[in-house]
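Enquirer: Shown below is the structure under consideration.
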Amino acid sequence: GGSGSADRTAKGRRIIMEDSSKKLSEQLLFKAKNAYDDGAEGTAQKARDYAEGYKAFLDAAKTEREAVKRGIEMAEAEGFRPFRFGEKLERGGKYYYNNCGKSLYLFSLGSEDIERDGIRITAAHVDSPRLDLKQHPLFEEGGFSYFKTHYYGGIKKYQWVTIPLALHGVVVRADGSTVDVCVGEDESDPLFTIPDLLIHLASEQMTQPMNKGIKGENMNLLIGSEPFTDTEVSERVKLETMKLLSERYGITEEDFISAELSAVPAAKARDIGFDRSMVGAYGHDDRVCAYPELTALFECADSRHTMLVILADKEETGSDGVTGMQSDVLGDVIHAISDAYGASDAAVRAASACLSADVSAAFDPMHADVYDRRNAAVMGGGVVMNKYTGSRGKYGTSDASAEFVGRIRRILDGAGVVWQTAELGKVDAGGGGTVAAYIARHGINTVDLGVPVLSMHAPYETISKVDLYMTHLALCAFNSRD
Ligand code: MN
Ligand code: MN
């Protein structure tokens with residue numbers, strides 16, 4: 001009632017008058033944290049150790065197919081078994097569902113009442129921006145052979161020319177057999193590149209805006225220059241290139257029609273800085289969250305809670321298709337899990353919670369004008385929560401509720417995780433989305449949480465090791481705490 005409220009107000013005034021201003025400031029004002037000053041023993045060293053496993057994962061998993069393959073290897077080593085729809089799941093079991101080799105669902109079934117406890121879901125995506133080959137990719141021009149590409153995801157095209165590129169993917173031959181392709185990762189492999197105009201002749205090109213300087217249709221991968229020996233045939237360079245591909249992979253030009261081949265940056269994950277505090281690599285977005293999802297699942301898989309880890313595909317192009325998060329597969333997996341408990345899957349979904357584990361933009365002091373300093377993620381500031389994503393008036397976001405943010409806040413603070421909250425940039429500066437909305441649409445409370453990244457979507461992105469480690473700790477806390 002009214003008198004109780006008046007009592008509280010009086011008490012509040014008394015506290016304020018008795019306290020020094022410094023103490024008051026500590027009590028009332030928010031203070032941003034730094035992961036290096038978290039008060040725990042050896043956090044920086046633990047983060048450095050943790051990053052070693054992450055770098056190896058990055059180098060083994062440059063495409064969604066490779067990430068799924070590596071995820072399955074890691075899961076099988078932890079006792080997870082393959083699951084097919086129609087099979088009966090057992091409580092206490094650990095399973096994975098391989099969706100077409102391009103997205104992966106890993107789950108461990110706990111002992112709690114699942115209609116009350118729900119499923120703890122963490123979802124990251126394992127596709128990254130790259131240059132896909134067209135279905136008729138091979139051609140010869142001016143003494144060179146090339147592959148035509150169509151870029152995948154949001155890229156600044158000028159960043160992708162004159163850099164070393166590797167080729168990854170699969171070709172399905174006419175007889176239905178499949179051959180894996182991976183060229184450019186071994187030190188002895190050749191590489192590929194997209195040439196750009198020399199500066200000496202670029203006076204016209206250099207007057208173009210940055211989105212026009214390099215044209216998507218001209219992003220052709222240089223793959224050969226030596227002609228076939230017989231001078232009587234036409235397109236001798238193209239023929240020589242195709243001959244080499246046929247010898248190595250047993251394919252014909254027509255087989256590219258049923259192929260998925262992608263040019264990705266050839267660089268390996270490496271430490272950045274004299275202090276080795278950061279990691280530079282291709283495709284942090286979003287393997288930097290996929291890897292902690294896996295380690296946090298394996299660390300907590302024997303808890304009494306039911307957990308589901310999702311490695312999604314097609315996030316960078318809108319989450320469509322069989323392997324994107326807009327497909328019905330998530331609902332099917334939840335139904336299969338619920339079935340093992342004889343539970344209503346609507347009840348399970350309503351009790352479930354999800355961290356959409358994706359990257360956010362790290363504040364870049366060299367481009368400070370696009371960020372709101374008060375709501376920007378700082379590298380070294382720990383794992384970052386984005387209550388909402390979207391752009392221009394919060395379009396395209398699920399916008400987590402205050403109650404759900406409060407619940408995650410208590411979990412993270414209770415576990416001593418250093419974390420921060422942010423949004424992608426200044427209002428109307430741009431924006432972006434994640435898979436959060438496509439999970440929330442199932443009636444599952446969802447919020448975005450992940451690692452701040454510098455140069456997001458560039459061929460070489462940078463993250464902080466302590467932020468990565470805090471993400472692992474955050475996901476562990478989410479999986480295991482009540
Ligand atoms: Mn992402
Ligand atoms: Mn992205």
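The values are calculated or read from the model by the stated rules, or taken from the named source; none is laboratory data. Being a predicted model, the structure only gives us computed values, none of them experimental. Note: ideal-geometry Cβ built from the backbone for every residue, glycine included; neighbour counts use all protein chains shown. To get the accessible areas, we keep the full protein, side chains included, count just its heavy atoms, and leave off ligands, DNA and RNA. Shrake-Rupley method; radii C 1.70, N 1.55, O 1.52, S 1.80 Å.
Enquirer: At 1.4 Å probe size, what's the solvent-accessible area of HIS457? Round to the nearest 10 Å².
Expert: Spelled out: HIS457, probe radius 1.4 Å, area about 40 Å².
Enquirer: What is the distance in Å between the Cα centroid of segment 87-159 and that of segment 237-285?
Expert: 17 Å
Enquirer: Only sites in a loop by DSSP and with at most 12 other Cβ atoms within 10 Å count here; which GluC sites (Glu not before Pro) in segment 211-277 make the cut? It would help to have the intermediate numbers written out before the result.
Expert: Details: sites: GLU217, GLU232, GLU235, GLU240, GLU247, GLU253, GLU254, GLU260; in loops: GLU232, GLU235.
When the GluC sites (Glu not before Pro) of segment 211-277 are filtered for loop state and at most 12 Cβ neighbours within 10 Å, GLU232 remain.
Enquirer: Something else now. Return one whole number: the accessible area per residue of the chain in Å², for a 1.4 Å probe.
Expert: Values: 23080 Å² over 482 residues.
That works out to 48 Å² per residue.
Enquirer: Still on this structure, I have one more. Let's test this: bin the Cα-Cα distances of segment 407-482 at 10 Å from zero up to the farthest pair and state each bin's percent.
Expert: Per 10 Å bin, starting at zero, the Cα-Cα P(r) for segment 407-482 comes out as 15, 40, 37, 8 percent.
Enquirer: Still on this structure: Over all alpha-carbon pairs of the chain, lay out the pair-distance distribution in 20 Å bins, whole %, shortest bin first.
Expert: 22, 50, 23, 4, 1, 0
Enquirer: Quick one: putting +1 on the C-beta of Lys and Arg, -1 on the C-beta of Asp and Glu, what dipole do you get for the chain around its Cα centre, in Debye to the nearest 20?
Expert: Details: 54 positive and 72 negative charges, 422 e Å.
Charge dipole of the chain: 2020 debye, to the nearest 20.
Enquirer: Oh, and also: Less than 22 Å apart at the alpha-carbon level, and either on another chain or at least 8 residues along: which lysines does that give for LYS22?
Expert: Counting by Cα, and skipping residues close in sequence, LYS22 has these lysines nearby: LYS11, LYS31, LYS33.
Enquirer: A follow-up question, please. Below 8 Å between Cα atoms, with a sequence gap of 6+, how large is the relative contact order for the chain in percent? Spell out each step's value before the answer.
Expert: Working: 984 pairs, mean separation 104.8, N = 482.
Contact order relative to length: 22 percent.
Enquirer: Please go through segment 89-146 and write out the trypsin sites (Lys or Arg not before Pro) that DSSP classes as loop and that have at most 15 other C-beta atoms within 10 Å. Walk me through the numbers on the way to the answer.
Expert: Working: sites: ARG91, LYS94, LYS102, ARG116, ARG120, ARG130, LYS134; in loops: ARG91, LYS102.
Here the trypsin sites (Lys or Arg not before Pro) that fit, given the DSSP loop and packing criteria, are ARG91.
Enquirer: Kindly provide the helix-only [θ] at 222 nm of the chain, computed as the sum of -39,500 (n - 2.57) over DSSP H runs of four or more divided by all residues, to the nearest 500 deg cm²/dmol? If you can, show how the numbers build up before the last one.
Expert: Values: 12 runs with 145 residues, N = 482.
Result for the chain: -9500 deg cm²/dmol, rounded to the nearest 500.
Enquirer: What's the longest bit of the chain with no exposed chymotrypsin sites (Phe, Trp or Tyr not before Pro), using DSSP loop states and at most 12 other Cβ atoms within 10 Å as the test? If you can, show how the numbers build up before the last one.
Expert: Working: sites that count: PHE30, PHE274.
That would be 31-273.
Enquirer: Contour minus end-to-end for ALA346 and ARG392, with contour as 0.36 nm per residue of separation and end-to-end as the Cα-Cα distance?
Expert: Details: separation 46, 0.36 × 46 = 16.56 nm, distance 3.28 nm.
Using 0.36 nm per residue and subtracting the Cα-Cα distance, I get 13.3 nm.
Enquirer: Enumerate the calculated ³J(HN,Hα) couplings along segment 179-191 in order (Karplus 6.51 cos²θ - 1.76 cosθ + 1.60, θ = phi - 60°), each rounded to whole Hz, writing x wherever the residue is Gly or Pro.
Expert: With the stated coefficients, segment 179-191 comes to 10, 7, 10, 8, 10, x, 9, 7, 4, 8, 6, x, 10 Hz.
Enquirer: If you line up the Cα atoms of segment 133-235 on their principal axes, what length do they span on each, largest first, in Å?
Expert: 49, 38, 28
Enquirer: Within segment 88-195, report the GluC sites (Glu not before Pro) that DSSP leaves as loop and that have at most 13 other Cβ atoms within 10 Å. Please report the intermediate quantities before stating the final value.
Expert: On the way: sites: GLU90, GLU112, GLU115, GLU140, GLU141, GLU185, GLU187; in loops: GLU90, GLU112, GLU185, GLU187.
Those that pass, being in a loop and sparsely packed, are GLU90, GLU187.
Enquirer: Here is a follow-up. Give me the net charge of ASP482's neighbourhood, meaning all other residues with Cβ under 12 Å from the Cβ of ASP482; Lys, Arg count +1, Asp, Glu -1. The partial results should precede the final answer.
Expert: Working: positive: ARG116, ARG120, ARG304, ARG407, ARG410, ARG481; negative: GLU112, ASP117.
Taking every Cβ under 12 Å from that of ASP482, the sum is +4.
Enquirer: Out of the total accessible area of segment 153-311 (probe 1.4 Å, heavy atoms of protein only), what percent is carbon and sulfur? Spell out each step's value before the answer.
Expert: Values: 4390 of 8030 Å².
After summing per-atom areas, the C and S share lands at 55 percent.
Enquirer: Kirkwood Rh, Cα Rg: Rg to Rh for segment 332-482?
Expert: Working: Rg = 16.3 Å, Rh = 16.2 Å.
Checking Rg against Rh, the ratio lands at 1.00.
Enquirer: On to the next question. Send over the per residue convex hull volume for segment 222-267, Cα only, as a whole number of Å³. Intermediate values should be presented prior to the final figure.
Expert: Values: hull volume 4.8 nm³, N = 46.
In segment 222-267, the Cα convex hull volume per residue is 105 Å³.
Enquirer: Relative to the compact-globule scaling 2.2 N^0.38 Å, provide the ratio for the alpha-carbon radius of gyration of segment 201-358. Kindly include the intermediate steps, with their values, before the conclusion.
Expert: Values: Rg = 24.2 Å, N = 158, 2.2 N^0.38 = 15.1 Å.
Compactness ratio reported: 1.61.
Enquirer: Hey, which lysines would be in cross-link range of LYS243, C-alpha to C-alpha under 23 Å, not counting anything within fewer than 8 residues on its own chain?
Expert: LYS134, LYS148
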